[in-house]
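Each remark here refers to the structure printed beneath this line.
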Amino acid sequence: MNPDKAILLMNLGSPDSTSVKDVKRYLTEFLMDERVIDSPYWKRALLVKGLIVPFRAPRSAKAYQSIWTENGSPLIQLTKDLQQAVQKNFDSVVEINMRYGNPSTEDVLRKLAQNPALKEVVLLPLYPHYAMSSYETAVEQVKDEHRKNNYPFQLTTIKPYYKEEIYINALAESMRPFLDQEYDKILFSYHGIPERHITKCDVTGSHCLKVNDCCHVASPAHEFCYRHQCFKTMELVMQKLNLPKEKVELTFQSRLGRDPWLTPYTAARLTELPKEGVKKLIIVCPAFVSDCLETLEEIAEEGKHSFMESGGESFTLIPCMNVHPLWVDAITAWIKDYFAGDRRMVLN
């Protein structure tokens, strides 16, 4: 075992159980994050604690109950499975932490710090694309804990990998077995975010959602533009799998609140597509690398029901990469390359 380095795989998180109490605690931590709901604290607290959580928690608890397994949360178990698969390729210890819930960043960093020989922790957020409400908040939380506790080890972060060849290849190959069937369309459904998050992250202040076809016009803004990166992932996968443009569409799911979010909305398209002649649908959710509530319940249960009730004939959800061997290989390659001195995948 190499005691001076550690690898930290970071995912979104999940409630500790499906009880309303635990779901309330989880939703409060999640939605009170200033990078998720970016309103002043007083307004965010009033909205989250006074309106959203009390009404949403019982419904969310039922949703979690529909996907819960004997091992608990699918996302937590799948992240543990990924940890074990990656660990086989390293002498350095591999740990996992969650942005919200358990195992918490605070507890995991404290555990790692108990090793006096530890000199560096390499953080790999399990978010392929940059968004302030996912990748950014995960990285900043770990940095804050590292700084607050003055831990002596170095913290190094792997950058978003939405267009990396080995990631695209892993995603494409995880999809390939599901494409032998007859289908009318493949829907790439990404987690949605408010439009204001896109403009907030625009380092130019004048490109995102302001320039015509902004996601396909070269700009420094693309380094932090979630929408551009979603399109890029889809287009690279299309090339890899030789998918016809007319059979592919991009949508955004999981809208919360009434503010304008990225469109088109997945939920709306699932009811519209059958009326447009799309009867046989395949759907993939590349914003997630591990199956979770948003894939297993929102899409595989609610989404399928909406599509079939609207006149659809077949609905296939492609699982997330989870512990696909090529995904494990991609993670392994990025970290081993870094250990060998290659800083190309390191966040500046």
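Values quoted throughout were computed directly from the atomic coordinates according to the rules given, and no laboratory measurement underlies them. Computed from a predicted structure; not experimentally measured. As a convention, Cβ positions derive from the backbone with ideal geometry for all residues, glycine included, and neighbour counts pool all protein chains shown.
Numbers at a glance
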{"quantity": "Viscosity 1.567 mPa s, 4 °C: Kirkwood-radius Stokes-Einstein D of the range 102-225 over Cα pairs, µm²/s", "calculated": "74 µm²/s"}
{"quantity": "The range 1-104: GluC sites (Glu not before Pro) in DSSP loop, at most 12 other beta carbons within 10 Å", "calculated": "GLU70"}
{"quantity": "Of GLY13, GLY192, GLY50, the one that fluctuates the most in a GNM where the chain has Cα springs shorter than 10 Å", "calculated": "GLY50"}
{"quantity": "R0 of 25 Å, Cβ-Cβ distance ALA117-ALA333: FRET efficiency to nearest 0.05", "calculated": "0.50"}
{"quantity": "Straight-distance crosslink candidates among lysines, where the alpha carbon sits under 28 Å from LYS200 and sequence neighbours closer than 8 are dropped", "calculated": "LYS43, LYS49, LYS143, LYS148, LYS159, LYS163, LYS210, LYS232"}
{"quantity": "Label of the coordinate-derived value, Cα extents along the principal axes in Å, listed as [x] 79, 47, 40; [y] 73, 40, 32; [z] 63, 49, 47", "calculated": "[z]"}
{"quantity": "DSSP bridge pairs, the chain: antiparallel proportion in percent, nearest 5", "calculated": "10 percent"}
{"quantity": "Simple spin-label estimate for VAL203 and GLU173 in nanometres, 7 Å along Cα-Cβ", "calculated": "3.2 nm"}
{"quantity": "Residue exposure sequence - THR263, THR332 - by fewest surrounding Cβ within 10 Å", "calculated": "THR263, THR332"}
{"quantity": "CD proxy at 222 nm, helix term only [per DSSP H run n ≥ 4: -39500 (n - 2.57); per residue of the chain; nearest 500]", "calculated": "-11500 deg cm²/dmol"}
{"quantity": "Near-label residues of the range 264-303 by backbone N, under 19 Å of a point 7 Å along Cα→Cβ of ARG59", "calculated": "265-271, 293-303"}
{"quantity": "Across LYS62/LYS279; LYS62/LYS280; LYS24/LYS275, pairs whose alpha-carbon gap is larger than 31 Å", "calculated": "LYS24/LYS275"}
{"quantity": "Of all DSSP beta bridges in the range 169-317, antiparallel share, percent nearest 5", "calculated": "5 percent"}
{"quantity": "Residue of ALA218, ALA61, ALA330 that the Gaussian network model of the chain assigns the largest fluctuation, springs spanning Cα pairs under 10 Å", "calculated": "ALA218"}
{"quantity": "Cβ-derived FRET efficiency at R0 35 Å, ASP38 paired with LYS240, nearest 0.05", "calculated": "0.50"}
{"quantity": "FRET efficiency for ASP259 and SER314, using Cβ-Cβ distance with R0 set to 45 Å, rounded to 0.05", "calculated": "0.85"}
{"quantity": "Among 162-174, 233-245, the order from most to least packed when residues are scored by Cβ within 10 Å on average", "calculated": "162-174, 233-245"}
{"quantity": "Dipole axis of the chain (+1 Lys, Arg; -1 Asp, Glu on Cβ), positive-most option in ALA268, VAL203, VAL278", "calculated": "VAL203"}
{"quantity": "Dipole magnitude of the range 75-167 about its Cα centre (Cβ charges: Lys, Arg +1; Asp, Glu -1), debye to nearest 20", "calculated": "120 debye"}
